[in-house]
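A short write-up of the structure that comes next.
The values are calculated or read from the model by the stated rules, or taken from the named source; none is laboratory data. This is a predicted model, so every value here is computed, not measured. Cβ sites come from the backbone with ideal geometry, for glycine too, and all protein chains shown count toward neighbours.
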């Protein structure tokens, strides 16, 4: 692969892809160093953001345990992303995709728990069970398929992610006048949605290390910090309102 690429560059021919992937220069055996670094950067941003939330939000906020679970799912996702970009083989690819899908599902469940309120435990459990069941069916289908269905996986994740973004945006518009901090939610959601456009770009990696996918990972790294800032403000608002009602 690298010999062919060197010949292409030497003869001013377009750099070609191999099995749908661009050639990268390895660093200490790592196949895609930039994507690994930026994946770990995302994971670190999640940890820092959650730490700020846990130390700044009311200690008796009822969603602390739920958001802690989401933290673990998110860190797991970014670790598998780093592993996959370190060594691209069948099982690391599946773990990367399945972890990303689980994070989306977890986000949808946490979203419903937050927006449905304290008195809807039964509905929250049913909603979570349905999404987890769909996730397991999704994993089973892709695992048992003779060939990994990339198009199906992408479509499912895009649809679920769109539902997540639309619901948060609609809620933010509804609450805009009452909650001064919801702009953080809107910016974080729209930012995340716009960064997906980087996945549509396709060009040889800059310096044989940074391609469009790596830039996508880099562009999403600041989002957790803004998101947890929103969650902190939301927790304070909700606890103040709850205490007034008691």
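The table for this structure:
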read-out	value
Which numbered condition residue 54 fails, given (1) in contact with a strand residue (DSSP E or B) (Cβ under 8 Å, 6 or more places away or on another chain); (2) without any contact (Cβ under 8 Å) to a residue 24 or more places away in the chain	(1)
Flag if residue 118 is within 28 Å of residue 146 (Cα to Cα), surrounded by fewer than 20 Cβ atoms within 10 Å (Cβ to Cβ) and touching a residue at least 24 places away in the same chain (Cβ under 8 Å)	no
Criterion violated by residue 118 - all others in (1) at pLDDT 90 or above; (2) in a loop (DSSP other than H, G, I, E, B); (3) closer than 19 Å to residue 241 by Cβ; (4) touching a helix residue (DSSP H, G or I) at 6+ places or on another chain (Cβ under 9 Å) satisfied	(1)
Helices (runs of 4 or more DSSP H) wholly inside the range 129-246 containing at least 3 residues that are on the phi < 0 side of the Ramachandran plot and modelled with pLDDT of 95 or more	150-175, 182-195, 223-245
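Here is a yes/no grid of residues against (1) closer than 17 Å to residue 213 by Cα; (2) surrounded by fewer than 20 Cβ atoms within 10 Å (Cβ to Cβ); (3) in contact with a helix residue (DSSP H, G or I) (Cβ under 9 Å, 6 or more places away or on another chain):
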residue: 41; (1), (2), (3): yes, yes, yes
residue: 46; (1), (2), (3): no, no, yes
residue: 52; (1), (2), (3): no, yes, yes
residue: 58; (1), (2), (3): no, yes, yes
residue: 66; (1), (2), (3): no, yes, yes
residue: 75; (1), (2), (3): no, yes, yes
residue: 82; (1), (2), (3): yes, no, yes
residue: 87; (1), (2), (3): yes, yes, no
residue: 112; (1), (2), (3): no, yes, yes
